[in-house]
Amino acid sequence: MISLELLAKMMECGRLEPYSNKNEIIKLCDQAKEYNFGIVYANLSYIPLIVGELKYTKILVGVPISFPFGSTSMEMKIQETKQAISEGAQEIDMVMNIQRFKSGEYNYVEEDISGVVEEANNYITKVIIETCYLDKKEIIDASNIVKKAGAKFVKTSTGYGKYCSRLVDIILIKDNVDIGIKAAGDIEDVYTCIKMIEAGATRIGTNGEDAINILDNFKIQNLI
């Protein structure tokens with residue numbers, strides 16, 4: 001059985017939409033402090049804002065790198081990572097270069113990831129492989145590349161693809177690659193969330209409102 005406290009720590013919530021504004025990001029930080037989420041994410045230009053808002057809490061600051069397509073150069077990804085950490089980011093969610101991967105350029109993809117991992121140093125790096133664009137073999141291959149490159153987690157989705165987290169993809173990764181799994185997107189209720197965790201996910205990527213709904217219903221329905 002999972003505790004309410006541990007479930008809250010698994011929640012990794014962001015406001016990354018191009019139309020979200022400063023006040024909405026501050027609201028997310030307030031929600032995180034009330035419910036003790038594990039991590040709050042913002043795009044790079046707002047990292048100093050959430051660092052300030054979460055000061056004196058144990059909530060971590062996360063940043064997406066090369067979001068949402070992963071198509072920037074290795075050098076740009078490393079530079080983004082360097083700036084993010086210098087401004088207070090503590091976890092990195094980078095997007096795999098999906099075009100290069102789909103072209104079979106696996107060595108390039110591994111080098112691309114390892115560059116960010118090295119720049120992040122002791123901070124956890126997760127890699128978004130965007131499972132909606134991959135077949136079963138590609139999901140396994142991508143997850144193996146992520147592990148080989150030194151990242152700690154495979155993340156399923158950016159939230160901008162054809163679909164987001166599917167239970168079958170979590171199970172596929174868990175059964176084939178020994179690596180952490182972050183299920184992200186389309187996790188809007190407590191039962192979906194628990195199924196993802198039972199399948200192997202240890203991090204849940206969602207928005208503040210859905211995280212609150214999950215945690216409130218977890219408590220109300222005596223799932224503790």
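The values are calculated or read from the model by the stated rules, or taken from the named source; none is laboratory data. These numbers were taken from a predicted model, which means no experiment stands behind them. Every residue, glycine as well, gets a Cβ built from its backbone with ideal geometry; the counts of neighbours run over all protein chains shown. Surface accessibility is based on the protein's heavy atoms, side chains included, excluding ligands, DNA and RNA. Shrake-Rupley method; radii C 1.70, N 1.55, O 1.52, S 1.80 Å.
Please verify whether the range 147-160 includes one or more residues that are open to solvent by 40 Å² or more (accessible area, probe 1.4 Å) and under 18 Å from Val40 (Cα atoms).
Restricting attention to the range 147-160, the residues satisfying the condition of being open to solvent by 40 Å² or more (accessible area, probe 1.4 Å) are 147-148, 152, 159-160.
Checking the rest, the ones that are also under 18 Å from Val40 (Cα atoms) come to 159.
So far as the range 147-160 goes, yes, one or more of its residues are open to solvent by 40 Å² or more (accessible area, probe 1.4 Å) and under 18 Å from Val40 (Cα atoms).
Check whether at least one residue in the range 45-57 is assigned to a loop (DSSP other than H, G, I, E, B), within 18 Å of the chain's Cα centre (by Cα) and in contact (Cβ under 8 Å) with a residue 12 or more places away in the chain, and report yes or no.
Taking the range 45-57 first, the residues assigned to a loop (DSSP other than H, G, I, E, B) are 54-57.
Restricting the remaining residues to those that are within 18 Å of the chain's Cα centre (by Cα) gives none.
No - not one qualifying residue is present in the range 45-57.
Do the conditions hold for Phe101, that is, is it at pLDDT 95 or above and surrounded by 21 or more Cβ atoms within 10 Å (Cβ to Cβ)?
On the way: at pLDDT 95 or above: yes; surrounded by 21 or more Cβ atoms within 10 Å (Cβ to Cβ): yes.
Answer is yes for this residue.
Would you be able to tell me the number of residues in the range 168-187 that are modelled with pLDDT of 95 or more, open to solvent by 40 Å² or more (accessible area, probe 1.4 Å) and either in contact with a His (Cβ under 8 Å, 6 or more places away or on another chain) or of a type in the set (D, E, K, R) (or both)?
So the count comes out to 3.
Can you pull out every residue in the range 78-98 that is part of a helix (DSSP H, G or I), open to solvent by less than 50 Å² (accessible area, probe 1.4 Å) and more than 22 Å from Gly185 (Cα to Cα)? Walk me through how you get there before you give the answer.
To start, the set of residues in the range 78-98 that are part of a helix (DSSP H, G or I) comprises 78-86, 98.
Narrowing further to those that are open to solvent by less than 50 Å² (accessible area, probe 1.4 Å): 80-81, 84-85, 98.
Hits for the range 78-98 are Glu80, Thr81, Ala84, Ile85.
When residues of the range 21-37 are filtered for being open to solvent by 10 Å² or more (accessible area, probe 1.4 Å) and closer than 17 Å to Thr206 by Cα, how many remain?
From the range 21-37, those open to solvent by 10 Å² or more (accessible area, probe 1.4 Å) are 21-24, 26-27, 30-31, 33-36; that's our starting set.
Adding the requirement that they be closer than 17 Å to Thr206 by Cα leaves 24, 26-27, 30-31, 33-36.
Number of matching residues: 9.
Pairs needed: first member in the range 123-144, under 13 Å from Lys162 (Cβ atoms); second member anywhere, small (Gly, Ala, Ser) and open to solvent by less than 10 Å² (accessible area, probe 1.4 Å); C-beta distance under 7 Å; at least 6 residues apart or different chains.
From residues that are under 13 Å from Lys162 (Cβ atoms), the pairs are Glu130/Ser157; Thr131/Ser157; Cys132/Ser157; Leu134/Ala142.
Restricting the first residue to the range 107-119 and requiring it to be more than 14 Å from Val95 (Cβ to Cβ), which pairs with a second residue that is among the aliphatic types (A, V, I, L, M) and in a helix (DSSP H, G or I) meet a Cβ separation below 7 Å and a spacing of at least six or different chains?
Partner pairs satisfying both residue conditions: Glu110/Ile145; Glu111/Met74; Glu119/Ile78.
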